[in-house]
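Shown next, in structure tokens, is the structure this report addresses.
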Amino acid sequence: MKKVLFFCFFILSQLSLWAQPADYVWDSPSKNASESMPCGGGDIGMNVWVEQGDILFYVSRSGCFDENNTLLKQGRFRISLSPGLDMQHFRQTLHLDEGYVEISDGQLSVQLWADVNKPVVHVDVSSPRVKQVMAATYESWRTKDIVLSRRERFQTSYKFAAPKGLQTRADSIVAQERSVSFRHENGSETIFDATVRQQRMEPVKERLTNPLKNLVFGGRMQEKDLVLMDKVSGHYASSDYEGWMYVSRFAKRTYHLQVVLATVQGTAEDWEAELQHTEQLVRRDADCEASRQWWRQFWQRSFVTTDGQRGERSETGAMVVRNYQLFRYMLGCNSRGPWPTKFNGGLFTFDPEYVNPAAEYHLSPDFRNWGGGVHTAQNQRLVYWPMLKNGDYDLLKPQLDFYLNIYKNAEERSRLYWGHDGACLTEQVENYGLPCYPEYGTKRPAGFDPGMERNAWLEYEWDTCLEFCMMVLEAHRYCAMDITAYVPMIRSCLTFFDQHYQYLAQQRGAKSLDQQGRLVLYPGSGGETYKGAYNSTSTIAALRTVNEALRHYAEEQNDTALTSYLSSLASRIPDITIRDGMIAPALHYERVQNVETTQLYPVFPWRMYGVGRPDIDIARNTYQRDTLAIKFRSHVGWKQDAIWAACLGLTDEAERLIVQKMGSGPHRFPAFWGPGYDWTPDHNWGGSGMIAVQEMLLQEAGDKIYLFPAWPRHWDVSFRLHVGGSTVVEAELRGGKVVNVSVSPQHRRKDIVW
């Protein structure tokens, strides 16, 4: 990975055009946490806001899953200064180019930032002219066990099937004279154990990866001249809290508060040792420069930017581009940890009553809808596809590793239940590779296949894992990433479909293939929508595309055994059904359950149709004439219509949808979209919008690279994006004309089309 990133940065250093992202500024304080500004780095996210003169921020860290698989926050922090900020000259600035938030009044400056290389949050106070008295309070709403309400259980992996009396266990908080420490300890019994029992996996339990057992996470807040002054209590939004207030012994011009975090699977003593080790590594000035340098390089990898042109129509384009930048920054805040960014809020959720003011959402700041440790793959994929064109391969890696770490557990399912090979990875999959507890079904009839989910939306939906397999193969195609460790996972995912559908056919009759020697993909599913599908289009497109890409890789590596198997598998994959000049969702299906247009998945993500590709009219007919495709059309949440319009070169339609998709969200920070179908800030909303913007700007088909295939000519724009073959393309559209085209390596210039 380091070699790949060095090579990519080397390429970028040869390019001439670079656009520094503009600061994002507020000139007034906020009303509450819903008007917070994101800040972060490494695997830390913060919501930062100023309320009634106090600076407040939540801290979240990826991978902090409790015993119920809730992704818990570390806590809330409150900074009070006296005499404090002059609100007449208030400014809160997100310095995108260097990844930090600054709150200032022209004299007093408070900078908040996260170390990208170590789990440390810094708060730097500078007041050259007036000495300040500082109070820093750590606030927690988890000072006692919390019995979760019916709605609150949706933050866990139990969701609607939670046992009565389900609790979030209290944190351990230790306040000493000069620091306060806080940690959450899972213990040995977690939802993992309940899931294994429910799904009859006890015979192989000892072979299963379990990321929750004895997980300990938390941190410590301190500043060398602050001492414990008081223990306080209060109520914020809908949660009671207790706080430990540390106050400076005398007024000063500068303060350096730090919050050091640690996460281990082990004991409280192991956690304390890890925390102390990180504290000893802190070198504030050097860490600050390293972090800001990382952000500067991040913005050099790729960009989409405008020059702030005027005019109502062009300003709309500038808004789309600005929000694209802000969302990419949010993704960059979780770049270095072992866990991917969650689709349903990432690291930037806030008090739920500000997302939905309904009474049932008067819950703690830990709440997010649809769980913290469970991954809904149809949603997660949209967060990660755009990282390829952005050249953000380090951000992509945690999501690829997520599947790498769980697929062995999924193989155990296949062997135990059905006696064949291959990883059976479900649509809603836990961070330990098993189906989500409630979606597996708590009311299962006697004799029902123990390997199947008893769920109308999720039954037989297994193909989304293939999108993450394709991301691996695309990362190799884009920048020659070493994917050796992932190849067994990809083969296992393909093997499951090959063997399981032959297994099912043999349960029905004497033959395992149809009369053409093809797999019978029945029962199957087109997303959560086309249920009881026979030869689902989304599954066939996935199998064909991943198989072809892996076979190309195997040939490149001279792996004759793998090449031979994949060639054989290719002959068994059925054809997509074309009916009335359109792509059908499946050869047949029993019912429609949701609103996903999987008949357009051959356009994206599988890129079988599109600009520069054969039979584009078939795909355009599907987009424009299919009655369900029209009925399901929307810009909300994970909806992909803007992507398909862009991929099909439908510029006016892409413009219409992207303005809705990437317009400013309902909260003060424009990229806090949602809740959509999920939660706020909706990361699959932003991810799908980001993909659409990229496809409007740049597409490739075969060896050809298409500039501005669906970008409105009246929106001036500059971009730098990546395509296959370690190629970086820069171009500018100004006054409706393409100018300043640059391609690296230079020999790819001949492949450019506009």
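Hydrodynamic analysis of segment 329-447 uses the Kirkwood radius over alpha carbon pairs. Inserted into Stokes-Einstein at 37 °C and 0.692 mPa s, it gives a translational diffusion coefficient of 202 µm²/s. Computed extension gain for Ala22 through Ser188, at 0.36 nm per residue and net of the alpha carbon distance, reaches 55.0 nm. Each peptide among 572-585, 552-565 gets the average number of other Cβ atoms lying within 10 Å of its residues, and from highest to lowest they stand as 572-585, 552-565. One compactness figure for the chain is 0.95, namely its Cα radius of gyration divided by 2.2 N^0.38 Å.
What full-extension length gain, to one decimal in nm, is calculated for Phe448 and Gln507 as 0.36 nm per residue of separation minus the Cα-Cα distance? The partial results should precede the final answer.
Values: separation 59, 0.36 × 59 = 21.24 nm, distance 1.42 nm.
Extending this stretch completely gives an extra 19.8 nm.
Quick one: check the C-alpha center-to-center distance for segment 390-437 versus segment 178-236, whole angstrom. About 23 Å separates the Cα centre of segment 390-437 from the one of segment 178-236.
For segment 58-161, the ratio of Cα radius of gyration to the globular rule of thumb 2.2 N^0.38 Å stands at 1.41. For segment 307-386, the fraction of 1.4 Å probe accessible surface lying on carbon and sulfur atoms is 51 percent.
I want the local charge near Arg301. Using Cβ-Cβ distances under 9 Å, sum +1 for each Lys or Arg and -1 for each Asp or Glu among the other residues.
Working: positive: Arg720; negative: Asp392.
Residues close to Arg301 contribute a combined charge of 0.
Applying 1/(1 + (r/R0)^6) with r as the Cβ-Cβ distance of Ala273 and Asp230 and R0 = 30 angstrom yields a FRET efficiency of 0.50.
Carbon and sulfur atoms: what percent of the 1.4 Å accessible area of segment 536-629 do they account for?
46 percent
At a 1.4 Å probe radius, carbon and sulfur cover how many percent of the accessible area of segment 124-258? List each step's numbers first, then the result.
Numbers: 2920 of 6090 Å².
Carbon and sulfur atoms account for 48 percent of the accessible area of segment 124-258.
Sorting 234-241, 197-204, 489-496 by average packing, meaning the other beta carbons within 10 Å per residue, from highest down gives 489-496, 234-241, 197-204.
Order the peptides 242-255, 508-521 from the highest to the lowest mean number of other Cβ atoms within 10 Å of their residues. Please report the intermediate quantities before stating the final value.
On the way: 242-255: 16.9, 508-521: 13.7.
Listed from highest to lowest mean packing, they are 242-255, 508-521.
Translational diffusion coefficient of segment 557-691 (Stokes-Einstein, Kirkwood radius from Cα pairs, 25 °C, 0.890 mPa s): 147 µm²/s. For the chain, the solvent-accessible area of protein heavy atoms averages 35 Å² per residue (probe radius 1.4 Å; ligands and nucleic acids excluded). Using the Cβ-Cβ distance between Thr254 and Glu51 with R0 = 22 Å, the FRET efficiency computed as 1/(1 + (r/R0)^6) comes to roughly 0.40. Kirkwood hydrodynamic radius of segment 663-734, from the reciprocal of the average inverse Cα-Cα distance over all distinct pairs: 13.9 Å.
Pairs of Cα atoms under 8 Å, at least six residues apart: use those to get the relative contact order of segment 26-130, whole percent. Walk me through the numbers on the way to the answer.
Working: 216 pairs, mean separation 24.2, N = 105.
RCO, segment 26-130: 23 percent.
The order of Glu732, Glu360 by accessible area, most exposed first and with a 1.4 Å probe, is Glu360, Glu732.
In the chain, Cα pairs under 8 Å separated by at least six residues give a relative contact order of 13 percent.
Under a Cβ-Cβ cut-off of 10 Å, what is the net charge of the residues other than Trp271 that fall near it, where Lys and Arg count +1 and Asp and Glu count -1?
Details: positive: Arg183; negative: Glu185, Glu269, Asp270, Glu272, Glu274.
Net charge around Trp271: -4.
Please work out the FRET efficiency for the pair Arg200 and Arg150, using the Cβ-Cβ distance as r and a Förster radius of 30 Å; give the result to the nearest 0.05. Given R0 = 30 Å and the Cβ-Cβ separation, E is 0.60.
Dipole of the chain computed with +1 at Lys/Arg Cβ and -1 at Asp/Glu Cβ about the Cα centre; of Met37, Leu215, Pro712, farthest Cα towards the positive end is Pro712. Positive contributions from Lys and Arg (+1) and negative ones from Asp and Glu (-1), summed over other residues with Cβ under 12 Å from the Cβ of His476, come out at -2.
The values are calculated or read from the model by the stated rules, or taken from the named source; none is laboratory data. Since this is a predicted model, take the numbers as computed values, not measurements. Glycine gets a Cβ as well: all are built from the backbone with ideal geometry, and neighbour counts include every protein chain shown. Keep in mind that these areas ignore ligands, DNA and RNA; they rest on the heavy atoms of the full protein, side chains included. Shrake-Rupley method; radii C 1.70, N 1.55, O 1.52, S 1.80 Å.
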